[in-house]
1. Being modelled with pLDDT of 90 or more, of a type in the set (Asp, Glu), part of a loop (DSSP other than H, G, I, E, B) and open to solvent by 10 Å² or more (accessible area, probe 1.4 Å) narrows it down to one residue among Asp151, Asp185, Asp118; which is it?
2. Which pairs have Cβ atoms under 6 Å, sit 6 or more apart or on different chains, and link a residue in the stretch 218-242 that is under 15 Å from Ala199 (Cβ atoms) and in contact (Cβ under 8 Å) with a residue 24 or more places away in the chain to one that is open to solvent by 20 Å² or more (accessible area, probe 1.4 Å) and acidic (Asp, Glu)?
3. Quick one: would you say Ala28 is in a helix (DSSP H, G or I) and either in contact with a strand residue (DSSP E or B) (Cβ under 8 Å, 6 or more places away or on another chain) or modelled with pLDDT under 95 (or both)?
4. Looking for whichever is among the β-branched types (Val, Ile, Thr), open to solvent by less than 60 Å² (accessible area, probe 1.4 Å) and closer than 30 Å to Thr404 by Cβ here; the options are Ile331, Ile271, Ile319. Which one fits?
5. For the stretch 63-82, what are the residues that are open to solvent by 60 Å² or more (accessible area, probe 1.4 Å), modelled with pLDDT under 90 and not aliphatic (A, V, I, L, M)?
6. Does Asn351 satisfy the condition of being assigned to a loop (DSSP other than H, G, I, E, B), open to solvent by 80 Å² or more (accessible area, probe 1.4 Å) and at pLDDT below 95?
7. Can you tell me which residue within the stretch 267-306, out of those that are charged (D, E, K, R) and not in a loop (DSSP other than H, G, I, E, B), is farthest from the chain's Cα centre (by Cα)?
8. For the stretch 207-216, what are the residues that are in contact with a helix residue (DSSP H, G or I) (Cβ under 8 Å, 6 or more places away or on another chain) and either surrounded by fewer than 20 Cβ atoms within 10 Å (Cβ to Cβ) or at positive phi (or both)?
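The values are calculated or read from the model by the stated rules, or taken from the named source; none is laboratory data. Note that this is a predicted model, so its numbers are computed, not measured. Please note: Cβ atoms are built from the backbone with ideal geometry, for glycine as well, and neighbour counts cover all protein chains shown. For accessibility, only protein heavy atoms count, side chains too; no ligands or nucleic acids. Shrake-Rupley method; radii C 1.70, N 1.55, O 1.52, S 1.80 Å.
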Amino acid sequence: MDIFEWTDRYASQAYVYKVAKINTKEEADVIIREFKEALTGRKIVLWGAGTVGHVFYHMLHELEIPVDCIVDRIGNGIAFSDGRVVLPADSAECREKLKDALIIVTVNRNIYDEVKRDILNAGADERQITCGHDMHMVAQGAYCMQKACEDGRKIEIKNCYECTNLDNTCVSLSRYLKRVNGFCDTGKGTGAVRMIGYALSNICTLKCKNCCESVPYMPLDSRRFVPWENVVKDIQKVSGACNFLTLLEFVGGEPFLHPDFSRILSKVKKIKNIGIIHVFTNGTVIPDDGLCSELANDRITVYLSNYQAVLPERFLNKIKETERKLKEYEINYFYGKKQNWMDFSQYDLVNMDSELKQVFEECFLHNCNRLQDGTLYVCAHQYAGIKLRKLEESGETIEIHNYTEQELEKSWRR
């Protein structure tokens, strides 16, 4: 089987906003064995050194599959952790490397056709080129499933936030977290909800125009922190109705501003059926030693948003100090890429129900389940819209404490 046959068999049917359905180690072993066989003896060029390129290269390195070179439009301005050199796409050396190579286009599928034209213009033949995005989805999912099922093997959780598989539907990640948490699956609770994002407040140090939670637009008299007791009670209630939450996110506003965030983390870490506890911070609030001690846990990751292109120097200095403390306490963190803002703050009406449903299903945040002070919202946009009175409250929101855990479970199973 060559790599094109492998792609036709697996990658072409694997991903439509969800990870390939690899549920057992046996399935994963077959996929990885055939993947390695399909690439054996091939001269491999990765074209694209962004997020997909990095994670694809890292996976091939761990699988001991050699890569001849990496190419990118920007070229040598890109750094790989092992010092790997990236060739500029317009260089003579790049054109030479393309000869007789398998060119795996490691970019998001949305720009694959555009990048493919650039590769053809560089002198490659169409029969050399294949899309690496979906290929990676399958191979990475299978490789992580192997690690998830084998005692002693470890998945670096912080790397999941660079992986194009990251989603609360990642079966491999869920399987791994259950193992390392010592979770005993009794079958209790719904599997319909796999992640919750808890909004701790609508108070922030920044005023981002296109904020996902629309924080800058909230009325001044509504700005507050949810009391820590309520936060813990809410999470205990929801987790009690769920089988296993792969991901619990803490968002804001700015989570590091919450005066009792250390106490919240201390309590929530004791809940066995929660996998990753993930904290989003803009980095402008330097965490104290007590908070850093709570954050220094294998189950906790911190996403340090990268707004450096738009922030003044006084904020950048605070972010550098925050990063220094995260490193000092050996906290799992990921420093995001420079942000290309998407506008989450508009509430224009969509004419047809079918169009609205399509927009919702195609939104990468459509599974994010926002929770705040006893109310569960479908997503961040609905949460913000209701708070701003741009959207009407509907039967899609749930007052969780009006129901028993069993009643919540039954409502989610439908």
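1. Asp151
2. Val226/Asp373; Trp228/Asp260; Asn230/Asp373
3. When the stated conditions are applied, Ala28 passes them.
4. Ile271
5. Arg73, Asn76, Gly77, Ser81, Asp82
6. Answer is yes for this residue.
7. For the stretch 267-306, the residue satisfying everything is Asp289.
8. Selection gives Lys207, Cys208, Lys209, Ser214.
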